[in-house]
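Taking it in order: structure first as structure tokens, then the write-up.
Computed from the coordinates by the stated procedures, all read-outs in this text should not be read as laboratory data. Just so we're clear, the structure is a prediction, and the values are computed from it rather than from any experiment. Ideal geometry is used to build each Cβ from the backbone, glycine not excepted, and the neighbour counts take in all protein chains shown.
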Amino acid sequence: MFKKALVILALGSVVAVPNLAATAQGAALPLQEKAATYATNGTQKDWKKKDGLTSPNKAFGEEIWVMLGSPIPSGWVVIRSSGNMNLIKNVNNAPSGYEVWVMLGSPIPDGWVVTRSTGTMNFIRNLNNAPSAQEVWVMLGSPIPNGWVVTRSTGTMNFIRNLNNAPSGQEVWVMLGSPIPDGWMIIRSSGTMNLIKRIG
């Protein structure tokens, strides 16, 4: 009798456990679906908010007031400051040679240089897509774009030259400390200058 009761109890447990598991799974599924939908909607909303200033639809020259301390999107510069606000400008897709005054501390986009400076402002110029061999005076401390070298220097200025698309075998004297573009080698050196040559 005792063995028979154990068998019935054991069979009842085997049957009962799957039923409970099925009930638990059935209850959990709608919650998981709702949570996933909510997370997806939340992600889409966050993405739209974050994308606001970096959207490709934003036009060159557009200006927006933002709070001090706000991140500045890539390709935007700070052109004015007032109280706790900065006025930022989109210079993405600016034409080559375009110039604009920016606040000291403003980001300088890739391919741009500082050509003049006052106590509170920098005058920057876009050298992206500049012709090969173009030369420009820039402030000491200005970024030097990729493919450009420093050929002369004064106390406050550097004279830089564009070596992008230079012919193979070309040789150029550059200042010690000048960037050396990819594909160029130093073939001679003096006290203050290096002679570099394009290989390949």
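Key figures for this structure:
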read-out: Filtered residues of the range 187-200 (kept if in a loop (DSSP other than H, G, I, E, B) and not small (G, A, S)); value: T192, I199
read-out: Leading residue by the ranking (nearest to the chain's Cα centre (by Cα)) among those in the range 108-118 that are in a strand (DSSP E or B) and hydrophobic (A, V, I, L, M, F, W, C); value: W112
read-out: Among residues of the range 119-153, those that are part of a loop (DSSP other than H, G, I, E, B), polar (S, T, N, Q) and touching a strand residue (DSSP E or B) at 6+ places or on another chain (Cβ under 9 Å), counted; value: 5
read-out: Selection within the range 75-99 - part of a loop (DSSP other than H, G, I, E, B) and over 25 Å from P131 (Cβ atoms); value: G83, N84
read-out: Single condition F159 does not satisfy, out of (1) surrounded by 16 or more Cβ atoms within 10 Å (Cβ to Cβ); (2) touching a Lys or Arg at 6+ places or on another chain (Cβ under 9 Å); value: (1)
read-out: Candidates S106, S70, S82 - the one that is among the small types (G, A, S) and closer than 17 Å to S142 by Cβ; value: S106
read-out: Selected residue (criterion: surrounded by the fewest Cβ atoms within 10 Å (Cβ to Cβ)) from residues of the range 91-136 that are in contact (Cβ under 8 Å) with a residue 12 or more places away in the chain and of a type in the set (S, T, Y); value: T120
read-out: Hits in the range 162-186 (condition: surrounded by 15 or more Cβ atoms within 10 Å (Cβ to Cβ) and either of a type in the set (D, E) or assigned to a loop (DSSP other than H, G, I, E, B) (or both)); value: L163, N164, A166, S178, P179, P181
